[in-house]
Amino acid sequence: MGRVKTTLSLDEGLMRQVRVRAARTGRTQSDILEEALREGLGAVGRIRAVANGDENEALGIASEVVHEIRSEAGRR
């Protein structure tokens with residue numbers, strides 16, 4: 001599948017995390033963003049399949065999980 005060039009407006013802190021991860025792993029920022037999108041979209045699809053819910057319900061569950069993980073990471 002081909003690649004498409006696009007422009008995004010992202011939170012500065014989030015983009016900083018992308019740059020750091022790219023530098024630490026020797027990969028491009030595009031590779032990091034593409035991987036994150038694939039993982040996130042895949043997680044939503046898996047949650048929707050398990051919950052037999054719709055897209056919005058799956059996004060809500062995924063959002064809750066992300067907030068829980070960030071909360072736990074912040075406590076460490």
(request) Find all pairs meeting these conditions: Cβ atoms under 9 angstrom apart; at least six residues apart or on different chains; first residue within segment 1-15 and modelled with pLDDT of 90 or more; second residue surrounded by 10 or more Cβ atoms within 10 Å (Cβ to Cβ) and of a type in the set (Val, Ile, Thr). (result) 10/18
(request) Answer yes if at least one residue in segment 24-37 is within 15 Å of the chain's Cα centre (by Cα), among the β-branched types (Val, Ile, Thr) and modelled with pLDDT under 75, and no otherwise. (result) no
(request) Pairs only if they're at least six apart or on different chains, beta carbon under 7 angstrom, first in segment 19-41 and surrounded by 11 or more Cβ atoms within 10 Å (Cβ to Cβ), second not in a helix (DSSP H, G or I); list them, first residue then second. (result) 22/28
(request) Can you confirm whether segment 39-47 contains a residue that is charged (D, E, K, R), at negative phi and modelled with pLDDT of 75 or more? (result) yes
(message) I need the full set of residues from segment 48-74 which are among the charged types (D, E, K, R) and either modelled with pLDDT under 70 or part of a helix (DSSP H, G or I) (or both), in order please.
(response) 48, 55, 57, 64, 68, 70, 72
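The values are calculated or read from the model by the stated rules, or taken from the named source; none is laboratory data. These numbers were taken from a predicted model, which means no experiment stands behind them. In this analysis, Cβ positions are derived from the backbone assuming ideal geometry, glycine residues included, and neighbour counts consider all displayed protein chains.
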